[in-house]
Amino acid sequence: MAGCFITFEGGEGAGKSTQIARLKNRLGQLAQPVIVTREPGGSPHAEEIRAFILGGHAKHLGPFAEALLFAAARIDHLDKTITPALRSGTHVLCDRFADSTRAYQGSVGNIDKGLIDQLETVTLQGVKPHLTFILDLPAEVGLARAGARQAGKGEGADRFEEEDISFHQSLRQAYLSIAQAEPKRCVVINADQDPDEVETAIWTALRERLPPMTEPATRPLDVA
Ligand code: Z5A
């Protein structure tokens, strides 16, 4: 694979979308080829599964069935969007990926870790993020941000946002455990600070971990 695969993870309202847009902008200024995608979703069929899950239609099936649905969406996303981009030398910035299944369904949903490991192995087929930013902040702060944004748009809470505060606190711990277990891949970013400071922390970590991405590209941009 010629492109770099970078994922952004964290609880509700952590600022992933905000920071992905900023990083895409910075990389674009360096003529680095980059696409932005998200999970669940990121390909037409995966977006259909997204609507089904976030609409709460799979909740009654339990966390393992939901994990299977997220995995099904991920297979299509990898096949149609992520792998072709990486092969063509385009960097992929992805809003959530397999760590979300580990955190939401695995840790908080209480699914056996061995089962989640096996599901991940058959789903990813060896495609792992080169770098994962875990945007960390107190659950209350993230939920307040997400709530304010929804109120501004006149939207309601989705399947996961409507869970209680203890769910979101456990989620934060789950992400910190993932980061602790895989320090080479994961960087924890303090997301409870000004967006400019978060952006600087992400850029600094990227320069340390994947320096070629933070230099001007040496070949023309091949994907918009
Ligand atoms: N899920 C799962 O369970 N298992 C899986 O395998 C996968 C997903 C892949 C997808 O939701 C849901 O699916 C998700 C997990 C579950 N749970 N939920 N809900 P989604 O895609 O609809 O939403 P999200 O991923 O949770 O993102 P989000 O809540 O939309 O937040 P965000 O992208 O991290 O944050 P943001 O949109 O950039 O910022 C939120 C607001 O805060 C916004 O008004 C910003 O202007 C503001 N903001 C951003 N940064 C700051 C700072 N630094 N200070 C102050 N305000 C800020």
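The values are calculated or read from the model by the stated rules, or taken from the named source; none is laboratory data. Bear in mind the structure is a predicted one, so any value in this text is a computation, not a measurement. Virtual Cβ from ideal backbone geometry, glycine too; neighbours counted across all protein chains shown. The accessibility values were calculated without ligands, DNA or RNA, using every heavy atom of the protein model including side chains. Shrake-Rupley method; radii C 1.70, N 1.55, O 1.52, S 1.80 Å.
Residues of the range 1-46 being more than 10 Å from the ligand (Cβ to nearest atom), more than 14 Å from Leu93 (Cβ to Cβ) and not in a loop (DSSP other than H, G, I, E, B), which ones? Once the filter is applied, which keeps residues that are more than 10 Å from the ligand (Cβ to nearest atom), more than 14 Å from Leu93 (Cβ to Cβ) and not in a loop (DSSP other than H, G, I, E, B), the range 1-46 yields Gln29, Pro44, His45. Residues in the range 130-141 that are exposed (fewer than 13 other Cβ atoms within 10 Å of the Cβ) and either at pLDDT below 95 or in contact with a strand residue (DSSP E or B) (Cβ under 6 Å, 6 or more places away or on another chain) (or both): how many? Result for the range 130-141: 0. The condition of being surrounded by fewer than 17 Cβ atoms within 10 Å (Cβ to Cβ), of a type in the set (A, V, I, L, M, F, W, C), within 15 Å of the ligand (Cβ to nearest atom) and more than 28 Å from Ala217 (Cβ to Cβ) holds for only one of Leu69, Leu54, that being Leu54.
Conditions tested, residue by residue: (1) assigned to a helix (DSSP H, G or I); (2) over 17 Å from Cys186 (Cβ atoms); (3) in contact (Cβ under 8 Å) with a residue 12 or more places away in the chain; (4) open to solvent by 20 Å² or more (accessible area, probe 1.4 Å).
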{"position": "Leu86", "(1), (2), (3), (4)": "yes, yes, yes, no"}
{"position": "Cys94", "(1), (2), (3), (4)": "no, no, yes, no"}
{"position": "Ser100", "(1), (2), (3), (4)": "yes, no, yes, no"}
{"position": "Ala103", "(1), (2), (3), (4)": "yes, no, yes, no"}
{"position": "Ser107", "(1), (2), (3), (4)": "yes, no, yes, yes"}
{"position": "Asn110", "(1), (2), (3), (4)": "no, yes, yes, yes"}
{"position": "Leu119", "(1), (2), (3), (4)": "yes, yes, yes, yes"}
{"position": "Lys128", "(1), (2), (3), (4)": "no, no, yes, yes"}
{"position": "Leu143", "(1), (2), (3), (4)": "yes, yes, yes, yes"}
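Residues of the range 173-206 that are in a helix (DSSP H, G or I) and away from the ligand (no atom under 13 Å from the Cβ): Gln173, Leu176, Ser177, Ala179, Gln180, Ala181, Trp203, Thr204, Ala205, Leu206. For the range 105-160, taking the residues that are under 15 Å from the mean Cα position of the chain (by Cα) and among the polar types (S, T, N, Q), the one that is nearest to the ligand (Cβ to nearest atom) is identified as Gln105.
Specify the residue that is surrounded by the most Cβ atoms within 10 Å (Cβ to Cβ); the eligible residues are those in the range 161-171 that are in a helix (DSSP H, G or I) and away from the ligand (no atom under 13 Å from the Cβ).
Gln169
Of the residues in the range 186-198, at least one is surrounded by 13 or more Cβ atoms within 10 Å (Cβ to Cβ) and polar (S, T, N, Q).
So Gln150 ticks every box in (1) farther than 25 Å from Asp117 by Cα; (2) open to solvent by less than 80 Å² (accessible area, probe 1.4 Å); (3) touching a residue at least 12 places away in the same chain (Cβ under 8 Å) but one. Which box is left unticked? All conditions pass for Gln150, except number (3).
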